[in-house]
Amino acid sequence: MTTAKPQRAGSFERRTFAGLAASLAFAATACSVNPYTGEQQFAAYDDAQLSQASAQAWQQLRAQTPTLNSGPQYQRVQRVWSRIAAASPKAGEQWDVQVFNSDDVNAFVMPGNRVGVYTGLLDVVENDDQLAAVLGHEVAHAIYRHANQRATRQAAASAAVQVGAAAAGNSGLGVSANQVNALGSVAANLGVVLPYSRNAELEADLAGVDYMVRAGYDPRAAIRLWEVMQQNNSQRTADFLSTHPNPDIRQQRIREYIQQKGY
Ligand SMILES: [Zn+2]
């Protein structure tokens, strides 16, 4: 990571111009190919940067909430996760998979191949296929680099708003002080609090279904999962329970996708 030296802001015009220049430089350096999908992606950070940024938040979570290291619930998560991860483009990669002992009906993924599953979720899903639907959704977020997309959007907004701050210091080295600041400000929330976009959620739903099929799980469990979640009516927010898009739309999209793919 390269940090630029902030410069004192000049007149309003100069600051405005510098801000514009920073935004353009930001856009020019932010395109890269996603190694897992082969698609061009607007991503301001490389995976190592985000992994580093989320390490602290991950440690805090682990310090706050007890984790299971053995027993049936632990084994169940490890077993289903192993099958799903092996069926995804991230097969063979090392993961830190933690089972948090908490009533939260939740699961999440963080940059750096970190995944968390709460025991409250294990009490709600009816079978391993439904758990596989949740985990397929989560690994898809990692594969499509949705956390990077989200951080990039936030950094772009920040670069556009904070006109002038450190803009002149961006000499084409790729990372401006604005970007560094934005990365710091989102680090604590990576993968946990901030919602993904509606499109990211749908993308994760459908890709997750692909991994389920490859891993030998019943893809229809992804539809049933949403019915179960609606019946459960939990007040707790979970990544896969994001209010956008609404559960009915998600079920419909998954149903159409399964039909279209002939699963
Ligand atoms: Zn999600």
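The values are calculated or read from the model by the stated rules, or taken from the named source; none is laboratory data. What you see is a predicted model; the values in this text were computed from it and never measured. Methodologically, a virtual Cβ is constructed for each residue, glycine included, from the backbone with ideal geometry; neighbour enumeration extends over all protein chains shown.
The table that follows gives values for the structure above.
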| read-out | value |
| --- | --- |
| Residues within the range 111-128 that are within 20 Å of the chain's Cα centre (by Cα) and outside any strand (DSSP E or B), tallied | 4 |
| Neighbours by Cβ (under 8 Å, 6+ apart or cross-chain): first from the range 198-222, outside any loop (DSSP other than H, G, I, E, B); second acidic (Asp, Glu) and more than 16 Å from the ligand (Cβ to nearest atom) | MET212/ASP129; MET212/ASP218; ALA221/ASP129 |
| Among the candidates ALA87, ALA48, ALA55, ALA63, residue that is farther than 17 Å from TYR211 by Cα and in contact (Cβ under 8 Å) with a residue 40 or more places away in the chain | ALA55 |
| Yes/no for GLN75 being assigned to a loop (DSSP other than H, G, I, E, B), at pLDDT 95 or above, assigned by TED's automatic domain parsing to the domain that holds ASP129 and over 16 Å from the mean Cα position of the chain (by Cα) | no |
| Some residue of the range 148-157 being of a type in the set (A, V, I, L, M, F, W, C), within 12 Å of the ligand (Cβ to nearest atom) and closer than 23 Å to GLY38 by Cβ | no |
| Criterion violated by SER82 - all others in (1) in a helix (DSSP H, G or I); (2) surrounded by 14 or more Cβ atoms within 10 Å (Cβ to Cβ); (3) touching a residue at least 24 places away in the same chain (Cβ under 8 Å) satisfied | (3) |
| Qualifying residue in the range 247-261 (condition: modelled with pLDDT of 95 or more and closer than 23 Å to ARG79 by Cβ) | no |
| So ALA86, is it over 15 Å from the mean Cα position of the chain (by Cα) and either hydroxyl-bearing (Ser, Thr, Tyr) or modelled with pLDDT of 95 or more (or both) | yes |
| Index of the failed condition, VAL228 passing every other in (1) at pLDDT 95 or above; (2) closer than 17 Å to LEU135 by Cα; (3) in a helix (DSSP H, G or I) | (1) |
| Positions within the range 97-106 being under 17 Å from the mean Cα position of the chain (by Cα) and at pLDDT below 90, in sequence order | ASN106 |
